[in-house]
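What follows is calculated from the coordinates using simple rules that are stated; it is not laboratory data. Everything numeric here is computed off the predicted structure, so don't read it as measured data. Cβ sites come from the backbone with ideal geometry, for glycine too, and all protein chains shown count toward neighbours.
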Amino acid sequence: MLSLVVPVRNWPEQRISTCMRSFLRLKSDTLSEVLIVDFGSDEPLAVHSGDPRVRIVRVEAKVWSLAEAINVGVLHAEGAVIAKTDADIIIAAEAGPSLDRAVAATADGTTGLALAQAIDLPETIGAEEAYQASSRRLNTMGRVRPRWGQGGLAVFSRFTWEAIGGFDSRFTGWGNEDNDFAERVRRSGRKVRWFDSDALKIYHVWHPPSFHGKGIVARRAANIEVAKKDRSVFRPLRILHSQAPRRSQDKSGLSNVAPRTPPLVTIAIASTERKNRLRMLKEAIRSYVGQIGNDMEIVVADNGSSDADYEHLCAELCKLKLPVPLRPIRVKEPSIPAARNAITDAAAGRYICVADDDDIALPNRLMDHLACFEKDPAAHGSHGGWIDFDEQTGLIEINEGKERTLATLLFGSGKITSHPTCFYRTDVLRRIRYDEALALGSDFDLALRMANAGLKIKHTHSYVILRRFHSTNVTVTGLANQVTNGEKSRFRLRDSLGSALCDGFAASAKASDQLVYCRNRIDRQRIIEMLPPYAGVWRLHFPLSVLKTAVPPRTNGNGESLQPSGSDAQESDPDALGDRGDPLPGAVPDYSTVERVIETVDGDIGSTASGINLEFAYVSRPLRGAAKALRAKRRLGELGIEAELTAEYDFAERSRRGFPWSHLKVPKGARRLLSEPINDPLAVTKALAKLPASSILRGMMSVIADGTAEGFRYHLVSGPLRGREAAQSTAVMLRKLSAIPFTLVANGGVACDF
Amino acid sequence: MKLDLKQDLALGRLTLTMTENCHGDSQPLVDTIQFNRFHEKVASDTAALAGAMIASRWCGEVIEFSGFKVGSDVAEAVRLIVPDARFVQPIDGFRRNLCEGHLHLLVCQPEEAASVVDSSLSNRGLIRLVTWSGEFVCVATGSSAGRIAGEISTNADILLPDWETSIGLGLLVGGLRLGSILIQQPEEEHVRNVERIAAALRIVGVQLRTVPARAHERNDSIRQRTVAGEKELKPTTRGKQRPPLRLPALAVV
């Protein structure tokens, strides 16, 4: 039951032997094995005791790390309780029953870490002499060490060791790894107890101080820094300094995760049979693989599917050859909260990362969640921002979320949190369960109850997922029920808090109702690159002014220009680009360059929004799928054109939005001339081109793009004109030159008489 | 472990914060226990006992109360409640706040109230029923079906079993007038702990009694509410305090 671990590196064999024999002579019912971990000694250790309980484990290591040596020992140990001691410790011959009591206390969980207080022996007593001497003599000669050093003899259960991720392998040399371990045991909710020094006596045999060794002082300083700065409780168990075996399924070469340890994170995916489930589920799973060195497992809970569907799901998941364990489980009755609770029960990870089968994790997700626990060891969970995308239309909405407090959840406005961005400690989810009485909305109810229980759920200050909207979204299909259940949960909680407290929360929510800043602010164009290749319908567009410099002239093999010297387009529209510094609204470059763009991406010239004097743009035909749109964008990029992608739906919405005529201001006593609507943008440019380039008329004209259900319509509009006669004569001149009728308008584009 | 007690009578909230101040202390899942809709003014001596009970699993060798002193009898009871605590402070040995108790409290969750009240036959006169609710979703069933809001709501049951939460709440509500606390009979595995707490409370003159629940009646009442469907979410008690129940006799267990 009890495995004693003695980590050593280049220690004299006689010392180790004395330590080992002192433990083997104990009258203990629990000591079942003694493991001596030779952590990369120059010469392999050879200690012969003749006792079958003794084993030597040797691992090659260039750097001495007492912490990692203990971890290696525990990994090889077979007992449920571990005692760790140093090779310079001798235990009193009569300490057996006391040791057994300490083992029993750690085994039943009443004590997390049992420590023994050491007595420092003087230089005059050697190891062998101390071994032979009686406790009474050693007690009188030695000096009790204060209860701050914890390394002499520490007893803990394997469960505790696993629960906090063992000793931290970042500690090199020796020192502070024991204090750090004890502190983490304590913070994990377990008690640290010193066993009475009269009952459990250990003696520290004198040896020359090891502070003089090369680099020892620097290492100890670095260790102190680690212990001070990192206040987290759970640390992933890593093999950093030795050739000890790693976890077998880690083929990526990225991971240094120790074998036989639970995964750090369980990815919890609740999945329901529906259209395109497998396609979406595979994308969701793949988005997690490769994060945090694959120190994870994935549990997929099938939620109420038929036998055939479940078998099909299992078969398909088996085909995914992943470097992480993937476990399907089944909930027979369709219930999302029941599926989530089932995953919590099955989870082996220290944390549960909530995921939906249709969402895609961003590459930073798991790392950012874990960073929250490093920053605040008392945190119970974290959540982050999310980016909604519509699989059909490609619409994108960026949501930061808000700080999750009881006040904001009860009385806050807008989008505060999204369930698939959540990440909780497994022990927390085992205590605060999803409510299976609620078919929908159990996620919001859980968030409320967690906040009410006083749990701290931190924001990652980053976007963590791409949340997919599609025809079979639960959020879409069951929105009404979700809202109703959410209100019920709120009502239940408000009632249990009382009106006075609720008033206080309402005021506090108003004061702190603000969005969180996400540091990984992602450009929309970058988001489109992260979408599935088939998602959305897109339009590529760019302002025509970029064509002036972007498109290089066509050349033949000899480098001669293939551009016609006097193309028709240039001759017919000599002033197309205008003679002002900025491009004239409606200006069109020469048609040969446009042709090259059209060869690359089919499209037309038009506007991208309603407005006045907005530059015309080249707008592609709708492109189905993000991959196709991105390919087209890349090809334009090769021509030197930086084009922008906009979802077709968004684009159509924008073009339907009419020109705000109320913004068309005319000074008091003046009027403007407004042309009849023109449908073709090229007709606008031609009409403008007919006005003499140097005339005042050309300078005062503007172009209005007005979005309608049928597309954009354009108007030419003059600057403010004072006096009836001036307006009349200008209208006549404009009509004569451009062949377009004009009317007189006042403020807001309202027609008025001459 | 340092226990910091704060009460806001206007808001109706009582909070008890567990602060580590000793090497042997460990951190509980949540360090602040709240009691909402709590409008009774708490007495320091019984609050100390309630606090000690809540903190007992995480408390090391020292237990310290912030802002008030306890009498030596209370300190002795605290040592019994927290077996690891060797040092209880601050103690004022000459204090004796607890008077002859005359208030009998029956403390339970609201959905248990019907069966417990029915089985607690009393000949002592007035017994006040105090109902509390905590986490709405039961860990065993994963469902909130049948659970309703009580007079007082608390998050103490995140850390403690229901019977311990009931005793703690009884001590806080009863204060100096407290004579006895009646709670629902806990499961077999907790009987020894209940005896230990009862022995501790006897030191300060408070009697702890357990009342058997009528299991079949309880199940029936839950079933009725479950059948009611959505109605089960609606709490039955509102902010007002219930009048004391007049019960015919008291069953001493």
With a point put 7 Å past each Cα toward its Cβ, work out how far B:Glu61 is from B:Asp4 in nm, to one decimal. 2.5
Starting from 0.36 nm per residue, how many nanometres of slack lie between A:Arg231 and A:Asn10 once their C-alpha separation is accounted for? 76.4 nm
If you stretched the chain out fully between A:Glu374 and A:Asp196, how much longer would it get, using 0.36 nm times the residue separation minus the C-alpha to C-alpha distance? 60.7 nm
State to the nearest 20 debye the size of the charge dipole of region A:406-445 about its Cα centre, where the only charges are +1 on K and R beta carbons and -1 on D and E beta carbons. 160
Stretchable slack from A:Arg724 to A:Arg596, in nm (0.36 nm times residue separation minus alpha-carbon distance): 41.2 nm
Would you work out which of A:Ser242, A:Phe171, A:Pro337 lies farthest towards the positive end of the dipole of chain A, given +1 charges on the beta-carbon of Lys and Arg and -1 on that of Asp and Glu, about the Cα centre? A:Phe171
Inter-part gap, Cα centre of region A:433-487 to Cα centre of region A:171-245, in whole angstrom, is 42
Could you tally the net charge around A:Ser620, taking each other residue with its Cβ under 13 Å from the Cβ of A:Ser620, Lys/Arg +1 and Asp/Glu -1? +2
Neighbours of A:Ile678 by Cβ distance under 11 Å: Lys/Arg at +1, Asp/Glu at -1, summed charge -1
Crossing angle, helix A:177-187 versus chain A [Cα axis fit, 0-90 degrees, rounded to tens]: 70
Rounding to the nearest 10 and keeping the result within 0 to 90°, find how far the Cα-based axis of helix A:66-76 lies from the longest principal axis of chain A. 80
Charge dipole of region B:2-89 about the Cα centre (unit charges at C-beta), most positive-ward option of B:Gly51, B:Leu80, B:Asn36: B:Asn36
Roughly how many nanometres apart are two label points built 7 Å out from the Cα toward the Cβ at A:Arg327 and A:Asp680? 7.0
For A:Lys191, which aspartates and glutamates qualify as cross-link partners when the Cα separation must be under 17 Å and same-chain residues fewer than eight apart are set aside? A:Asp108, A:Glu162, A:Asp178, A:Asp180, A:Glu183, B:Glu20, B:Asp25, B:Asp31, B:Glu61, B:Asp84
Estimate the FRET efficiency between A:Ser662 and A:Glu529 by the formula 1/(1 + (r/R0)^6), using the beta-carbon distance for r and 35 Å for R0, to the nearest 0.05. 0.35
Just from its helices, what would the mean residue ellipticity at 222 nm be for chain A, if runs of 4 or more DSSP H residues each count -39500 (n - 2.57) and the sum is divided by every residue, rounded to the nearest 500 deg cm²/dmol? -10000 deg cm²/dmol
Set the bar at 25 Å for Cα to Cα. Now go through A:Lys27/A:Lys201; A:Lys228/A:Lys402; A:Lys282/A:Lys458; A:Lys321/A:Lys456 and name every pair that lies beyond it. A:Lys228/A:Lys402; A:Lys282/A:Lys458; A:Lys321/A:Lys456
Suppose R0 equals 35 Å; then what is the FRET efficiency for B:Thr32 and A:Ile224 from their Cβ-Cβ distance, rounded to the nearest 0.05? 0.65
Cβ density ranking, 10 Å radius, fewest first, applied to A:Glu374, A:Glu78 yields A:Glu78, A:Glu374
From the residues B:Gln185, A:Gly625, B:Leu103, which one has its Cα farthest along the dipole of the protein assembly as shown in the positive direction, the dipole being from +1 and -1 charges on Cβ of Lys/Arg and Asp/Glu about the Cα centre? B:Leu103
How far apart, in nanometres, would the label points at A:Lys27 and A:Leu320 be if each is projected 7 angstrom from Cα along the Cα-to-Cβ direction? 6.0
Averaged over B:24-35, number of beta-carbon atoms from partner chains that fall within 10 Å: 5
Given a Förster radius of 30 Å and the C-beta distance between A:Glu94 and A:Trp148 as r, what FRET efficiency does 1/(1 + (r/R0)^6) yield to the nearest 0.05? 0.70
Charges at C-beta only: +1 for Lys and Arg, -1 for Asp and Glu. How large is the resulting dipole of chain A about its Cα centre, in Debye rounded to 20? 1260
Scan around A:Ser169 for amide H atoms under 5 Å from its own, H built in the peptide plane at 1.01 Å from N, and keep only partners 5 or more places away or cross-chain. A:Arg238
How large is the charge dipole for region B:9-167, taken about the Cα centre, if only the Cβ atoms of Lys, Arg (+1) and Asp, Glu (-1) carry charge, to the nearest 20 debye? 380
Where the Cα pairs of the protein assembly as shown fall when distances are cut into 20 Å bins, in %: 11, 30, 29, 18, 9, 2, 0
Please give the helix A:591-600 orientation as an angle from the longest Cα principal axis of chain A, in degrees from 0 to 90, rounded to the nearest 10. 40
